[in-house]
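To keep things clear, I will list the structure first and then write my remarks on it.
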């Protein structure tokens, strides 16, 4: 990464500060996200994570018929 300095209007700074607090992330992270999205530099993280997460869907069999409903319980070991 490259370190840089940015000057913002007071309202821009206040919005960025509130948004960072609301999302529990850094102001820099939000600025990078907005630049990436605006410039089309890379996909949003949610798109990347979802496409990777979905690659395993339908890969296995367990013989249970209610996994789609109670998946969290099975993963947590509550159901067997």
Subject >> Gaussian network model of the chain, Cα within-10 Å springs - most flexible of 57, 67, 34 >> reply: 67
Original post:
residue 19 versus residue 67, label points 7 Å from Cα toward the beta carbon: distance in nm?
Top reply: 4.0
Original post:
Once the convex hull of the C-alpha atoms of the chain is built, how many Å³ does it hold per residue, rounded to a whole number?
Top reply: 167
Original post:
Distance in nm between label sites at residue 10 and residue 33, each 7 Å beyond Cα in the beta-carbon direction?
Top reply: 2.7
Original post:
Fully extended, how many nm does the chain gain between residue 2 and residue 59 (0.36 nm per residue separation, minus their Cα-Cα distance)?
Top reply: 16.4 nm
Original post:
For 54, 27, 1, what's the fewest-to-most ordering of other Cβ within 10 Å of each Cβ?
Top reply: 1, 54, 27
Original post:
Mind checking which of 37, 22, 61 has the largest fluctuation in a GNM of the chain, springs on alpha carbons under 10 Å?
Top reply: 61
**OP:** Determine the calculated [θ] at 222 nm for the chain from helices alone, applying -39500 (n - 2.57) to every DSSP H run no shorter than 4 residues and normalising by the residue count; nearest 500 deg cm²/dmol.
**Re:** -17500 deg cm²/dmol
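Readers should treat all values here as calculations from the given coordinates under stated rules, not as data from a laboratory. Computed from a predicted model, the values in this text were never measured in an experiment. Cβ sites come from the backbone with ideal geometry, for glycine too, and all protein chains shown count toward neighbours.
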